[in-house]
Each structure stands twice: as structure tokens, then as C-alpha cells.
Amino acid sequence: MSIVLYWHPMSSATPVACALAELGLPHERVKIDIRAGEQHRPDYLALNPNGKVPTLTVNGAPMFEALAIQLWLGETYGVERGLWPAAGTPERLQALSWCAWAYVSYGAVLVRLQLATMGDDALRSSTHANEARAGLNELLALLDARLARQPWMLGDAYSLVDLLVGSVIGYSVYIGAPVAGHAHVQQWLDRVQARPAMQIEGL
């Protein structure tokens, strides 16, 4: 199996690189300089019509969208390594649900906060920022309640669900989400970020 990751430092490709490291999967890494506009080259757009990173190719066949890539990695390689729940189990349903929650439910409100605080002048608004923080606070309370009952997202053992959800929550701290106000989330996030696979230099 030949796997190639097209990435850029400090981007949404970083969690995919961390997942590859966690799984111990040999792969090639190709840097796409998004500051220089390399993501808009015709050869790259042929792999990823969105013109963004990450892109993963598997024996030359491309896949894009970070969530899709990470779910595929979990289902294809994570089960045998004990890092992803087997198909047909209640844990698999929870894995899919919480991963989608991080990227879709939490991610949508996070984008609102980012635009209200870091977007163009026409989009910046303290009112909208406060509303977004309140929305994130409600979602973080749901996550905190879950982590109050168990140490990891799926129970007693770490999984790629922790990596995926933790990557989104960790990025949200940088944007200004009120993560520190939720003790169980903060403690869990510290454990996730301390894993060796999350310490890849240059990513």
C-alpha cells in the first residue's frame, strides 16, 4: 500500500499526519506551500478540486477532506491496532457520531467565532463573537459531561476519536473557545496533546 500525504504546516493536514504517526503507517509526505498558492496548481487540483490540504493518495487514488481521511484511516488500519472500534459495535456508532460532532456541530460554531474575531473588518463583531462563545460553551458542556464519566472518548482506552476530536478542540483554544472553563475537557485535552504522535516537529 502506497500512501502519500499532501500537507502544509499548522493546517488541517496536521491531525492527519498525527493519525498516520499514531497508527505507525509508512507514508510519503509532500509539502504544498499554500502561502505560495501551490494548492491551485492544475496537477494538485486534479487530486483535490477544493484546492486545500490535506489530500491523501492511496496507491495513486486521491482522497480529500480531513474528516473523511481520518475516518478511512481508522476503519482501514485502526481496528487491528486497537485504535478504532470494530464495525457493528455500539462504540463504532459513537466514534462516527463524535467525530462528525467535532467537525460539523462544533466546527460550524467555531467558524462563526473565527470570522467574528479574526475575519475581515466587515465581519468582525463583538456581539457575534460572544454569541459564538456561548454556543461553544454549551457544546463543551456536553463533552465535559461525557469525559466526567470516562477518561477517553470511547471509554477506558485512548482511540483515534480522541486524536480527531482533540485536534479540533485544541485548535479552538487558539481561536478563543472557552475550553479552560471545562475541567474534564481541559484535563483530557492535555493528555491527548501529550501523546508522542502529537509531537511531530514541523507540523
**Report entry** 1.4 Å probe accessible area per residue over segment 1-109, in Å²
**Finding:** 48
Report summary line: Listed residues 159, 172, 126; largest mean-square fluctuation, Gaussian network over the chain with Cα springs below 10 Å, found at 126
Query raised in the report: Using a 1.4 Å probe on the protein chains only, how many percent of the accessible area of segment 124-166 belongs to carbon and sulfur?
Result: 48
Report task. Go through 59-71, 82-94 and give me the packing order, highest mean Cβ count within 10 Å leading. Result -> 59-71, 82-94
Report task. Give me D for segment 126-203 in µm² s⁻¹, whole number, from Stokes-Einstein with Rh from the Kirkwood sum over alpha-carbon pairs, 10 °C and 1.306 mPa s. Result -> 121
Query raised in the report: How far, in nm, would the chain grow between residue 131 and residue 93 when pulled straight, counting 0.36 nm per residue and subtracting the alpha carbon separation?
Result: 10.6 nm
Query raised in the report: How do the peptides 95-105, 9-19 rank, highest first, by the average count of neighbouring beta carbon atoms within 10 Å per residue?
Result: 9-19, 95-105
Report task. With label points built 7 Å along Cα→Cβ from the Cα atoms of residue 65 and residue 111, find their separation and express it in nm. Result -> 1.2
Report task. Could you point to the label whose value was computed as Cα extents along the principal axes in Å for the structure here, given (i) 45, 44, 30; (ii) 51, 43, 30; (iii) 55, 36, 28? Result -> (i)
Report task. Give, rounded to the nearest 20 debye, the magnitude of the charge dipole that the chain has about its Cα centre when Lys and Arg contribute +1 at Cβ and Asp and Glu contribute -1 at Cβ. Result -> 100
Query raised in the report: Projected onto the charge dipole of the chain (+1 at Lys/Arg Cβ, -1 at Asp/Glu Cβ, origin at the Cα centre), which of 193, 123, 59 gives the Cα projection farthest towards the positive end?
Result: 123
Report summary line: Whole-number value, in Å³ per residue, for the convex hull of the alpha carbons of segment 1-99 is 100
Query - Hull volume in cubic angstrom per residue (convex hull over the Cα atoms of segment 164-203) - result: 66
Requested in this report: Starting from the Cα of residue 3, step 7 Å toward the Cβ, then list every residue of segment 156-187 with an amide N under 19 Å from that point.
Outcome: 158-168
Requested in this report: Tally up the carbon and sulfur contribution to the accessible surface of segment 1-121 as a whole percent, 1.4 Å probe, everything protein left in place.
Outcome: 57
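The values are calculated or read from the model by the stated rules, or taken from the named source; none is laboratory data. Note that the structure is a prediction, hence the values are computed from the model and not measured. Please note: Cβ atoms are built from the backbone with ideal geometry, for glycine as well, and neighbour counts cover all protein chains shown. When the accessible area is computed, the model is the full protein with side chains, heavy atoms only, and any ligands, DNA or RNA have been set aside. Shrake-Rupley method; radii C 1.70, N 1.55, O 1.52, S 1.80 Å.
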